[in-house]
Amino acid sequence: MGRRHFLAGLGLAATADLMTSMATANASPRQPTDRAADPDADAADPSGCDRTVVYGCLLHFLDDPGDPPAEQAWELFEDGALVIENGKVVWLGPVQRLSDQHTADAKVIDHRGQLVLPGFVDTHAHYSQVDVIASYGEQLPQWLDKYVYPAESRFDQPRHAELMASFFLDRMLAAGTTTASVFPTVHANSVDAFFAEAERRNLRVLCGKVLMDREPHAPSHLRDLSVAQAREQTLDLIARWHGRGRLGYSITPRFAPTSTEQLLQMVGQLRQERPDLWLQTHAAENRAEVDLVRTMFNARSYIDVYDRFGLLGPRSVFAHCVHIDDQDRTRLAATHSSIAHCPTSNLFLGSGLFQLAEARGARVQVGLGTDIGGGTSYSLLQTLNEAYKVQALQGKRLSAARGFYLATLGGARTLQLDQQIGNFQPGKEADFVVLDWAATPVLARRTEVATSFQERLFALMTLGDERAVAATYVMGKRHHSAPARS
Ligand code: GUN
Ligand code: ZN
């Protein structure tokens, strides 16, 4: 059983009662103030105090709850407190157990009545496709040619790349996402722009120069001139950015059709030389693409192509994997490779329905990806909404518990960042998102009639989006606040 159960029958009125009793029962000498409503509340404290106590309904996951969800996989503190020091979690639990030691000289952030979760993890997106989102009428191959490649060709201009990186990261934070694995373009300066903007926001992100060198699928103006030069540029970027603060380098071959065998060989070798790097690419997204790759590489399956060149392994993240079979899943699991499930993109581009239960059955690690701009939302809540429907179309389910696990710890595990982020275990970096149960009239109404915590959580994952994000915090500091409601 869970450390705390999802409480049945807890509506908003009951929460208000609980909050009142919590406030009176709270022995802490410091009462929560309304500093959370003050946009400047997180400015550096001149007294030098670096301890913060966050009050709210805390939920985090210790493991995959599975299906049906097993309660020992999460902890829920309805009137909880999260203690942060130097940007890291030092304690969490019920307010009643908060000690004076925790509250002494601490700054107080009051999110009582709201849900506090670890920051969302987007395991696959393209910051280079900010302007591509909602492009009409094509499936993957034609969509790339018609919309994506023209948009990406502008990233040779540093100013454009900076503006796009800034826009993307701000939208990501507004959606409650604090970590992402992101594709830039083939241009080295597009990596510089992204990492610089992420560093300015102190975000834990992964990125790496897109590698693409094969005619005719890689257009000439977006093609690496040689494998040797692509490797040089990659090594230079790794030296400058990998492991700097919270930034990590991910080797990024775009996908098999834009890769020569020599390029994939170079990537496999680099992966072997540098197991501290990540790898991200696309796999088995679209049926025509899968047929093309099998022919081009004379292979049994798409995954087999990457396997042949040594691309599978821990820290390798394969986006989509819609059209894979049991043999592929067995191989992905055996090599500790991960999948980024991108439901809004797979639906929008008509790519197909991801087999989530089969991936779990084969013990393949899965996280959620927005796949901006094939995907249609920056919000992992909306991504969960669509992920649920993808399962429903296959006669299956996705519980709220498993959904929020996938959006947090599941994503961190997918990126092998779960030693740093993904839940509130002491020692982890304190990235978190605060969600408002009543952000919209529809959500408020549905939440009010819900008879269990799980029901409320499911309403949030189905009806929620950026409007439900009250605030986003990065290493204990607020980086986004919801606009005031009229
Ligand atoms: N496959 C190769 N490139 C891309 C891309 O940019 N987006 C998606 N969704 N699939 C791809
Ligand atoms: Zn993608």
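Below is a table of values for the structure above.
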item: Ala340 free of Cβ contacts under 8 Å to residues at least 40 places away in the same chain and under 17 Å from Asp64 (Cα atoms); result: no
item: Qualifying residue in segment 230-242 (condition: at pLDDT 95 or above, part of a strand (DSSP E or B) and either out of contact with any Pro (no Cβ under 6 Å at 6 or more places or on another chain) or hydroxyl-bearing (Ser, Thr, Tyr) (or both)); result: no
item: Identity of the residue in segment 277-296, more than 16 Å from ligand 2 (Cβ to nearest atom) and more than 13 Å from Pro253 (Cβ to Cβ), that ends up surrounded by the fewest Cβ atoms within 10 Å (Cβ to Cβ); result: Thr295
item: Arg112 being under 11 Å from Gly56 (Cβ atoms) and among the basic types (Lys, Arg); result: yes
item: Extreme residue, nearest to ligand 2 (Cβ to nearest atom), among residues of segment 365-384 that are under 10 Å from the mean Cα position of the chain (by Cα) and among the polar types (S, T, N, Q); result: Thr370
item: Residues within segment 348-358 that are within 15 Å of ligand 1 (Cβ to nearest atom) and more than 18 Å from Val290 (Cβ to Cβ), tallied; result: 1
item: Filtered residue count, segment 340-364, keeping only those that are within 14 Å of ligand 2 (Cβ to nearest atom) and closer than 20 Å to Leu279 by Cα; result: 3
item: Residue match in segment 214-224 (condition: in contact with a Pro (Cβ under 9 Å, 6 or more places away or on another chain) and closer than 30 Å to Gly87 by Cα); result: no
item: Filter result for Val205 (surrounded by 24 or more Cβ atoms within 10 Å (Cβ to Cβ), among the β-branched types (Val, Ile, Thr) and within 19 Å of the chain's Cα centre (by Cα)); result: yes
item: Hits in segment 359-385 (condition: more than 16 Å from ligand 1 (Cβ to nearest atom), part of a helix (DSSP H, G or I) and closer than 14 Å to His320 by Cα); result: Ala359
item: Any hit, segment 181-190, residues being over 28 Å from Ala407 (Cα atoms), outside the structural domain of Val474 (by TED's automatic domain parsing), touching a residue at least 24 places away in the same chain (Cβ under 8 Å) and surrounded by 24 or more Cβ atoms within 10 Å (Cβ to Cβ); result: yes
item: Single residue of Gln394, Gln454, Gln420, Gln416 found to be surrounded by fewer than 21 Cβ atoms within 10 Å (Cβ to Cβ) and in contact with a His (Cβ under 9 Å, 6 or more places away or on another chain); result: Gln416
item: Residue check for Asp192: under 27 Å from the mean Cα position of the chain (by Cα) and closer than 30 Å to Gly464 by Cβ; result: no
item: Counted residues, segment 382-400 - those being within 20 Å of Asp67 (Cβ to Cβ), out of contact with any strand residue (DSSP E or B) (no Cβ under 8 Å at 6 or more places or on another chain) and in contact (Cβ under 8 Å) with a residue 24 or more places away in the chain; result: 13
item: Filtered residue count, segment 135-150, keeping only those that are more than 10 Å from ligand 1 (Cβ to nearest atom) and without any contact (Cβ under 8 Å) to a residue 40 or more places away in the chain; result: 5
item: Subset of segment 210-241 that is within 13 Å of Met266 (Cβ to Cβ) and among the small types (Gly, Ala, Ser) - its residue that is surrounded by the most Cβ atoms within 10 Å (Cβ to Cβ); result: Ala230
item: Positions within segment 111-133 being away from ligand 2 (no atom under 13 Å from the Cβ) and under 24 Å from His221 (Cα atoms), in sequence order; result: Val130, Asp131
item: Total residues in segment 104-142, condition of a type outside the set (A, V, I, L, M) and under 24 Å from the mean Cα position of the chain (by Cα); result: 14
item: Set Arg244, Arg271: member being more than 16 Å from ligand 2 (Cβ to nearest atom) and in contact with a strand residue (DSSP E or B) (Cβ under 8 Å, 6 or more places away or on another chain); result: Arg271
item: Odd one out for Gly176 among (1) at positive phi; (2) within 13 Å of ligand 2 (Cβ to nearest atom); result: (2)
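The values are calculated or read from the model by the stated rules, or taken from the named source; none is laboratory data. Computed from a prediction, not measured in an experiment: that's the story for all the values here. With ideal geometry, Cβ positions are generated from the backbone for all residues, glycine too; neighbour counts draw on all protein chains shown.
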